[in-house]
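Chemist: Handing you a structure now.
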Amino acid sequence: MKLVDFVRHPRNRLDVVAGLIDGILNALALAAGRLVHTGGEGATLNLALRVSVAAAVTTIFVFFVAHYAELRLELVRHERELNFTEHGRLAATNLGRRVFMESASKAVLASVFSLVGALFPLILCTWLPSPRWLGLAITNVALGLLGALLAKTFFGSPLRWGFGLFVGGLVLAFVGMQLDLVG
């Protein structure tokens, strides 16, 4: 399977979109203060890379744990359906290794898109230095569009999800400005 086909496959859509959203939200929370406060240098390539790598590292860990726990739970459910007396027998087979590998590949996919998602607002703010809030505004609109796309993945309301993520982005940007973590 080609890389593009793998990324576009419906089974992977949630990891792609959630990774992008996670990266954008991490960037807003960590760097929004640096992007809008006057007197500083604003967004730099160094800042973009540091925040993006931090977002990718946390995403790979969280997504791996979430996927692995979910798939291991499925194995336990199947063991119960098959009336196995000992738990963990399916995990010790080739199925257990496949669960591990699938969890790892989905976590890597989400992590790559988290890196891209975190780079997006920060690079945008380096290219659009004035007014400083413009990059954050465009980022929040993109977040709303990603929310609508995420809703289509599970047949939710694109308007509600888009609006929810737009507002969530505004809240995280505000929190990021107040905390001013990356100074």
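Chemist: Kirkwood hydrodynamic radius, the chain, all distinct C-alpha pairs: what's the number in Å?
Modeler: With all distinct Cα pairs of the chain included, I get 17.7 Å.
Chemist: Moving on. Among residues other than Ser103 whose Cβ falls under 14 Å from its Cβ, what is the net charge (Lys/Arg +1, Asp/Glu -1)?
Modeler: +1
Chemist: Let me ask you something else. Per-residue counts of other Cβ atoms within 10 Å, averaged by peptide: what ranking do you get for 109-115, 54-60, highest first?
Modeler: Packing order, densest peptide first, comes out as 109-115, 54-60.
Chemist: Among 70-77, 158-165, how do they line up from the highest to the lowest mean number of other beta-carbon atoms within 10 Å?
Modeler: 158-165, 70-77
Chemist: Could you state the accessible area per residue of the chain in Å², with a 1.4 Å probe and every protein chain left in place?
Modeler: Value for the chain: 58 Å² per residue.
Chemist: With a Cα-only, solvent-free Debye model of segment 83-149, what are the log10 I(q)/I(0) values at q = 0.24 Å⁻¹?
Modeler: The computed values of log10 I(q)/I(0) come out as -1.01.
Chemist: At 1.4 Å probe size, with the rest of the protein present, what percent of the exposed accessible area of the chain is carbon and sulfur atoms?
Modeler: On the chain, the fraction of accessible area on carbon and sulfur atoms equals 69 percent.
Chemist: Something else about it: Report the residue, chosen from Asn140, Asn83, Asn12, that carries the largest GNM mean-square fluctuation when the chain is represented by alpha-carbon nodes joined by springs under 10 Å.
Modeler: Sorting by GNM fluctuation, first place goes to Asn83.
The values are calculated or read from the model by the stated rules, or taken from the named source; none is laboratory data. The structure displayed is predicted, hence computed values, not measured ones. Because the Cβ atoms are built from the backbone with ideal geometry, glycine has one as well, and the counts that use them run over all protein chains shown. Each accessible area value is taken on the protein alone, full model and side chains, heavy atoms only, with ligands, DNA and RNA left out. Shrake-Rupley method; radii C 1.70, N 1.55, O 1.52, S 1.80 Å.
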